[in-house]
Amino acid sequence: MPAEFVSGYCVREPAWHGLATVIDHYPGREEAMRLAGHNWTVSKQPIYLPSLNCVDGWKAITRDDTSQVLAVVRSSYTPIQNGALWDIIDALVQQPNVKYETAGVLRGGATLWVLARLDEPYVVPGDNTPTFPYIFAGTSHDGSRATECGALAVRIVCWNTYQAGAEQSRRAGTYFKFRHTANVMERIEDAREALAGVRSQFAEFKEMVSELAQLPVKRPGVELFVRTFIPDPELDSGTERTMNWIEEQRLTLRSMIENGRTVPDAHRQTAYGLYCAGIEFLDHERRYRSNETYFRRTVEPSRLKTKVVELAQLAAKE
């Protein structure tokens, strides 16, 4: 199943994979948990050999509703119940009507997430589309990830965006990890302190995009951006087939800059427009040899993503 998606919902804007339930309102917690597929609990169960002897030191984590085995863990491991994620979000947001933007189940039930939208939008000059910061909480029932939370600007809708969002939080210093113990909420104040930088992080983002929005780019600058973004191959690999593929990719990027859905009309000739087109191209438009490679591109940080801003600024000087 695409991007390890099992179940989930999104408010108004569909997920790219088209599998999540789309609703037109922000649900209350009970409805949100049901739509996300979070309305079940887990427990530790003993493991028996064919001889009926119990395996010492190990337990199976199972769903209480279906008895599905999610993982085999050390006996000392304490599972975190699904409801704890929502407790964490509620405690972090500290608002009476939390806007649960997306939530869902991934990897066969092993991983879950909740994403809340902070109602503090920012509008880029010349673009009426608001940008919102988010807070997420996630956990795994197989021991592959800690229970974690963070502030980010990525809308989580799948396994790829979950990992990309968590990585973004780590890099920005707005990330907190809980140990798998029964008293997760005892550390919520520590988590609040860790996420205190969300507003300063978002302020830095606003400053960056505002700067790009005020940098006009002429036609030669656009072409420089395209050719630097998708460079010519090494001399020994410039076959006709390779060159045709490169030109096809460049044509796609040019089309996105001129007509792409993520580039505001007011910014088709600014560095911000190039930035929007570049990110969209890397995430969704670039051709890959397999679906696996496509899904992986948001998980593994790309050199190009870190250079999009630099290339857009360079184009404005042309």
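Summary of values
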{"quantity": "Qualifying residue in region 59-67 (condition: basic (Lys, Arg), in the same structural domain as Ile156 (by TED's automatic domain parsing) and not in a loop (DSSP other than H, G, I, E, B))", "calculated": "yes"}
{"quantity": "Search result, residues across region 79-117 that are at pLDDT below 85, assigned to a loop (DSSP other than H, G, I, E, B) and on the phi < 0 side of the Ramachandran plot", "calculated": "Gln95, Pro96, Asn97, Val98"}
{"quantity": "Enumeration of residues in region 91-127 that are more than 21 Å from Lys177 (Cα to Cα) and in contact with a helix residue (DSSP H, G or I) (Cβ under 9 Å, 6 or more places away or on another chain)", "calculated": "Val98, Lys99, Gly108, Glu120, Tyr122, Val124, Pro125, Gly126, Asp127"}
{"quantity": "Qualifying residue in region 12-22 (condition: modelled with pLDDT of 95 or more and of a type in the set (Asp, Glu))", "calculated": "no"}
{"quantity": "Residue within region 22-44 that is touching a Lys or Arg at 6+ places or on another chain (Cβ under 9 Å) and over 24 Å from Leu115 (Cβ atoms) present", "calculated": "yes"}
{"quantity": "Breaking point among (1) of a type in the set (Lys, Arg); (2) surrounded by 14 or more Cβ atoms within 10 Å (Cβ to Cβ); (3) at pLDDT 90 or above, for Lys305", "calculated": "(3)"}
{"quantity": "Scan of region 118-139 for residues that are surrounded by fewer than 23 Cβ atoms within 10 Å (Cβ to Cβ) and in a strand (DSSP E or B), ordered by number", "calculated": "Tyr122, Val123, Pro130, Thr131, Tyr134"}
{"quantity": "Selected residue [under 18 Å from the mean Cα position of the chain (by Cα) and of a type outside the set (D, E, K, R)] from Ser7, Ser43", "calculated": "Ser7"}
{"quantity": "Residue match in region 261-278 (condition: within 27 Å of Arg117 (Cα to Cα), modelled with pLDDT under 85 and aromatic (Phe, Trp, Tyr))", "calculated": "no"}
{"quantity": "Filtered residue count, region 225-250, keeping only those that are in contact with a helix residue (DSSP H, G or I) (Cβ under 9 Å, 6 or more places away or on another chain), more than 22 Å from Asp127 (Cβ to Cβ) and assigned to a helix (DSSP H, G or I)", "calculated": "4"}
{"quantity": "Residue under evaluation Arg286, criteria (1) touching a Ser or Thr at 6+ places or on another chain (Cβ under 9 Å); (2) modelled with pLDDT of 65 or more, criterion not met", "calculated": "(2)"}
{"quantity": "Number of the exception - Cys54 against (1) within 24 Å of Ala166 (Cα to Cα); (2) out of contact with any helix residue (DSSP H, G or I) (no Cβ under 6 Å at 6 or more places or on another chain); (3) among the hydrophobic types (A, V, I, L, M, F, W, C)", "calculated": "(1)"}
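The values are calculated or read from the model by the stated rules, or taken from the named source; none is laboratory data. As the structure is a prediction and not an experimental result, all values here were calculated from the model. A quick note on method: Cβ atoms are made from the backbone with ideal geometry, for glycine too, and the neighbour counts reach across all protein chains shown.
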